[in-house]
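Novice: Please read through the structure below; I'll follow up with questions.
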Amino acid sequence: MNVSKLNGIIFLSLWVSFATASDDKATILAGGSAESLYDTSVTDAKIVFTLIFNEAIEKSNEQFELEIYDTDEELSENLLSGVLDAVFTNTLHYLEIEKHLNPNGRYVVQHGPDVKSLYYLLVRHDSGIDKLSQLQGKKISIPFGHDVGRLFLDVKLMGQDLPMADHFFSEIRQTRESNSSVVNLFFGKVDAALITDFSYSVAKELNSQIDKQLNIIEISEPLIYHIVSVRRNFPQYRIDRIEPYILNLQGSPRVAEILKTLKVTALHKVTDNTLTELRRLNDEYHKLLNTVTPQ
């Protein structure tokens, strides 16, 4: 995701949006954490998501502000203390704080053609590696913000009586962008990479040789890795007021253009089965954690 080219337009758009905002608009103060951000910097996340949501809810008599904290823990503290109205977070963190969030105001960001993503574990074709166990003691690249992918990897490892990722690999190299993880693997700087299917598709569009040089050796179930939710006591009438707009982000031509650049397709309301696979994976992780011998 390359949002830096948009910054001039975005700053101007934000200035116009805020300059024309009426003082009597209700403010939704949302929070995210640097730990949960993926494929974007803190600065760009604040700029872009503030613009998108203010553009989308412009006619709802609401306005949106976003604060990015250093950690998920700090994000939780500000939610529980009543500072925040909403959170942007990874779905594992969401499960930890779910009881403090409103089940009627939960939304997932769709990237690419599918609401849920698959995680791919990639290796170089010329490495001769075709199974997970052969990566022990080797290096892997994983983008920031993909705790769900790490969970999938740990479950796979524990299911084969292998150490969890932190102890299985000699190095876990985190990158700010998914494409950087693929590039690290492509040029042999690491021995494996863990990214989503959509990020892999984007990487192949950027470099046609990637598909010829890399192999997929593990694939997850379809998973949700990022979620937006309002706090438990956020008024229902305010949810009803903003929801039609945020579920129709493409309704604004300017927002639609930015979403296209960011490769964001839409926001969807979370349903009963949205998190089914994630909950099952999380349950399996905790069962394995209670049965494996510490490494």
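Read the figures in this text as sums done on the coordinates, not as results from a lab. Here the structure is a predicted model, which is why all the values come from computation and not from measurement. Backbone-built Cβ (ideal geometry, glycine too); neighbour counts: all protein chains shown.
Novice: Using only Cα atoms, find the angle between the long axis of helix 253-262 and the longest principal axis of the chain, and express it within 0 to 90 degrees, rounded to the nearest 10.
Specialist: 20
Novice: Using only Cα atoms, tell me the angle between helix 276-291 and the longest principal axis of the chain; keep it within 0 to 90° and round to the nearest 10.
Specialist: Tilt relative to the chain: about 50 degrees.
Novice: Strictly over 27 Å apart at the Cα level, which of 25/116; 46/138; 25/46; 131/189; 156/212; 138/212 would you flag in this model?
Specialist: Too far apart for the 27 Å limit: 25/116; 46/138.
Novice: Something else: Starting from the range 151-188, pick out the chymotrypsin sites (Phe, Trp or Tyr not before Pro) whose DSSP state is loop and whose Cβ has at most 16 other Cβ atoms within 10 Å. List each step's numbers first, then the result.
Specialist: On the way: sites: 152, 168, 169, 186, 187; in loops: 169, 187.
Sparse-neighbourhood loop chymotrypsin sites (Phe, Trp or Tyr not before Pro): 187.
Novice: Next up: GNM, the chain, Cα, under 10 Å: largest mean-square fluctuation among 252, 208, 141?
Specialist: Evaluated over the chain, the most mobile residue of the options is 208.
Novice: I need the per residue convex hull volume for the chain, using only the alpha carbons, in cubic angstrom as a whole number.
Specialist: 129
Novice: Using every pair of alpha-carbon atoms in the range 150-205, split the distances into 5 Å bins beginning at 0 and state the percent of pairs per bin, rounded to integers.
Specialist: For the range 150-205, the pair-distance distribution reads 4, 18, 25, 23, 17, 10, 2, 0.
Novice: About the Cα centre, and with charges only on the beta carbon of Lys, Arg (+1) and Asp, Glu (-1), how big is the dipole of the chain? Nearest 20 debye, please.
Specialist: For this selection, approximately 540 debye.
Novice: Which whole-Hz ³J(HN,Hα) couplings does the range 107-117 yield from phi under the Karplus relation 6.51 cos²θ - 1.76 cosθ + 1.60, θ = phi - 60°, glycine and proline marked x?
Specialist: In residue order, the calculated couplings are 9, 10, 8, 9, 10, x, x, 10, 5, 9, 10 Hz.
Novice: Would you kindly compute the Cα radius of gyration of the range 208-295 and its largest Cα-Cα separation (Dmax), both in Å?
Specialist: For the range 208-295, the Cα radius of gyration and maximum Cα-Cα distance read 19.3, 55 Å.
Novice: Apply the a/c threshold of 1.5 to the C-alpha gyration tensor of the range 164-248 and tell me whether it is rounded, prolate or oblate.
Specialist: Here the range 164-248 falls in the prolate category.
Novice: Using only the C-alpha atoms of the range 119-221, find the volume of their convex hull and express it per residue in Å³. Don't jump to the answer; show the numbers that get you there.
Specialist: Values: hull volume 8.7 nm³, N = 103.
Per residue, the Cα convex hull of the range 119-221 comes to 84 Å³.
Novice: In terms of the ratio Rg/(2.2 N^0.38 Å) built on C-alpha atoms, what value belongs to the range 35-172?
Specialist: Cα Rg divided by the expected 2.2 N^0.38 Å: 1.29.
Novice: If you don't mind, there's one more thing I want to ask. What's the angle, to the nearest 10 degrees (0 to 90), between helix 197-206's Cα axis and the longest principal axis of the chain?
Specialist: With rounding to tens, the tilt is 90 degrees.
Novice: Any idea how far the Cα center of the range 86-134 sits from the one of the range 219-288, in Å?
Specialist: Taking the Cα centre of each part, the range 86-134 and the range 219-288 sit 12 Å apart.
Novice: Only Cα pairs under 8 Å and at least 6 apart count here; give the relative contact order of the range 149-209 as a rounded whole percent.
Specialist: Values: 33 pairs, mean separation 14.1, N = 61.
Reported relative contact order: 23 percent.
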